[in-house]
Structure formats: structure tokens, C-alpha cells
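Worksheet: one structure, shown below.
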Amino acid sequence: KENKELVSYLVFHEHDISGYLEVVRSELDAAMLDVRPDRPYLAKKTIRKTLRLANKHIRFTGSKQAEAELLIHFCGLLQGSGIDMDRNPVIGNIFRSQMQKADKAIGSLHEDLQYDLKKLRVKILEGSL
């Protein structure tokens with residue numbers, strides 16, 4: 001199944017990465033709608049499932065910019081999910097590790113892109129996104 005999805009990406013979306021990222025963002029949004037903040041165990045499973053989806057699409061693109069954008073979007077969704085990350089250390093660790101991965105990807109980009117993505121990252125950390 002994943003091979004077919006990769007071929008589909010290569011044939012139809014490789015030339016339009018920004019459009020592809022919009023589609024992936026909407027998939028991530030839809031997947032995060034299933035998160036139940038009142039049930040930490042189920043929330044953790046849904047979050048990990050959503051993260052696997054994001055990582056799969058990151059592998060398809062092979063782009064550090066796409067990696068940074070998708071991870072920042074994922075962290076923004078996680079921040080806005082209503083889950084108390086202080087009371088759920090596993091979910092907090094997922095959030096922090098994905099932000100670290102996004103920082104590493106941002107560090108390898110051009111200065112202009114770094115500025116834009118770091119600004120978005122700060123908004124997420126402040127919780128204003």
C-alpha cells in the first residue's frame with residue numbers, strides 16, 4: 001500500500017510540493033479530530049497514528065522544508081488539541097521531540113525560510129496559533 005502511495009506521489013504531486021503539503025495538512029487535521037483529551041491512553045494512540053502519517057509523507061517528499069512545515073503543523077495541532085501536556089508526560093515528550101526534529105530541519109534551510117518557520121514555531125510555543 002505504501003509503495004502505491006509513493007508512486008502516486010511521484011506521478012501526481014512531485015512537481016507541486018506546496019499543493020501536496022496542503023493536502024497532507026488537511027489529512028493531519030482530520031486525523032487529529034479523533035483525539036479525545038479526556039482519555040489520555042486513546043489520545044496518545046491517535047497522536048502516534050497521526051505522527052506516523054506525517055512521517056510517511058515527510059519520507060515521500062524528502063525535503064527538509066516539507067519536514068519542518070509538517071512537523072510544526074503537527075505540533076500546532078497537538079498544542080491546540082486541549083490535552084494537558086504537563087499531566088500527560090508521554091504526550092509532552094512527543095511534542096518536545098517533534099519540535100526538536102523541526103528545529104533540526106529548520107537549521108538546514110535557507111535564512112529566509114528559517115526566519116518564517118522560526119516565527120511560526122514561536123507562535124506555537126506561545127500557544128497563540
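In degrees from 0 to 90, rounded to the nearest 10, what is the angle of the helix 40-61 Cα long axis to the longest principal axis of the chain?
10
By accessible area of protein heavy atoms, probe 1.4 Å, what ranking do V7, V35 get, highest first?
Ranking V7, V35 by accessible area, largest first, yields V7, V35.
Between S97 and F12, what is the spin-label point distance in nm, taking each point 7 Å from the Cα along the Cα→C-beta axis?
3.2
Taking trypsin sites (Lys or Arg not before Pro) as exposed when DSSP calls them loop (any state but H, G, I, E, B) and at most 10 other Cβ atoms lie within 10 Å, what is the longest stretch of the chain free of them, the sites themselves excluded?
Result, exposed sites excluded: 2-86.
Mind pulling the angle between the C-alpha long axis of helix 89-107 and the longest principal axis of the chain? Nearest 10 degrees, somewhere in 0 to 90.
30
To the nearest 500 deg cm²/dmol, what mean residue ellipticity at 222 nm is calculated for the chain from DSSP H runs of n ≥ 4 alone, each contributing -39,500 (n - 2.57), summed and divided by the residues? Could you put the intermediate results ahead of the total?
On the way: 6 runs with 96 residues, N = 129.
Dividing the helical sum by the residues of the chain leaves -24500 deg cm²/dmol.
For the range 15-73, which GluC sites (Glu not before Pro) are in a loop by DSSP, counting at most 14 other Cβ atoms within 10 Å?
none
According to a simple spin-label model (label point 7 Å from Cα along Cα-to-Cβ), what is the distance in nm between K123 and E27?
2.4
Quick check: from the Cα gyration tensor, does the chain come out rounded (a/c under 1.5), prolate or oblate? Can you show the working numbers first?
Details: a/c = 2.15, a/b = 1.26, b/c = 1.71.
Oblate, because a/c is 1.5 or more while a/b does not exceed b/c.
Once both axes come from the Cα atoms, what is the angle between helix 17-32 and the longest principal axis of the chain, in degrees from 0 to 90, rounded to 10?
30
The values are calculated or read from the model by the stated rules, or taken from the named source; none is laboratory data. Bear in mind the structure is a predicted one, so any value in this text is a computation, not a measurement. Glycine also receives a Cβ, built like all others from the backbone with ideal geometry; neighbour counts cover every protein chain displayed. Remember, those area values only see protein heavy atoms, side chains included, never the ligands or the DNA or RNA. Shrake-Rupley method; radii C 1.70, N 1.55, O 1.52, S 1.80 Å.
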